[in-house]
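The values are calculated or read from the model by the stated rules, or taken from the named source; none is laboratory data. Please read all numbers here as calculations on a predicted model, not as lab measurements. All Cβ positions, glycine included, derive from the backbone under ideal geometry; neighbour counts span all protein chains shown.
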Amino acid sequence: MALTGKRSFAAEFEPAVLGRRRSPRAPVSLDAKVGRGGLDRALCKVVDLSMHGAKIETYSALRRDSVIWLTLPVIGHWAARVAWASDFEAGLEFQIPLTEDEFDRLTAAG
């Protein structure tokens, strides 16, 4: 059986981006609280921290793209967008990044 025409295909490729993070991450263990508009505060644990966000463990259901308040030790309330969420974990992107001093104080505390 002979092919009667030329076959071709095109594929888009995206180069791998190493080090996508905007700032260094640090493993921590910080007791914190999560809530919306000052209500429904629930305990959570910050397990990973960068100047631009955090990974938390929580028993409270969080919805992707919702904006929450994260109450952190040492520095207080911090607004964050839920970048992703699963059953017991969520990735947060801070609305205003931490300063180097705030990041250093939190990593020293946790």
Looking at Arg81, Arg64, Arg21, can you tell me which residue is under 21 Å from Pro97 (Cβ atoms), at pLDDT 85 or above, loosely packed, with under 13 Cβ neighbours inside 10 Å and charged (D, E, K, R)? Arg64
Please go through the range 79-93 and pick out each residue that is in contact with a Gly (Cβ under 8 Å, 6 or more places away or on another chain) and under 18 Å from Arg41 (Cα atoms). Ala80, Val82, Ala85, Gly91, Leu92
Tell me, please, whether a residue that is acidic (Asp, Glu), under 20 Å from Tyr59 (Cβ atoms) and modelled with pLDDT under 95 can be found in the range 88-100. no
Exception for Cys44 within (1) at pLDDT 95 or above; (2) in a strand (DSSP E or B); (3) of a type outside the set (Gly, Ala, Ser); (4) more than 18 Å from Ser86 (Cβ to Cβ) falls at (4)
Which members of the range 27-45 meet the condition of being buried (at least 16 other Cβ atoms within 10 Å of the Cβ) and either touching a helix residue (DSSP H, G or I) at 6+ places or on another chain (Cβ under 8 Å) or not β-branched (Val, Ile, Thr) (or both)? Val28, Leu30, Ala32, Lys33, Gly35, Cys44
Look at Ala90 and say whether it is under 18 Å from Asp31 (Cβ atoms), touching a Ser or Thr at 6+ places or on another chain (Cβ under 9 Å), touching a residue at least 24 places away in the same chain (Cβ under 8 Å) and among the aliphatic types (A, V, I, L, M). yes
Search the range 21-40 for residues that are on the phi > 0 side of the Ramachandran plot and of a type outside the set (Ser, Thr, Tyr) and pair each with any residue that is part of a loop (DSSP other than H, G, I, E, B) and at pLDDT below 95 when their beta-carbon atoms are under 9 Å apart and the residues are at least 6 apart or on different chains. Asp40/Ser60
If I ask for residues that are part of a loop (DSSP other than H, G, I, E, B), within 12 Å of the chain's Cα centre (by Cα) and among the small types (Gly, Ala, Ser), which ones from the range 49-65 would you list? Ser50
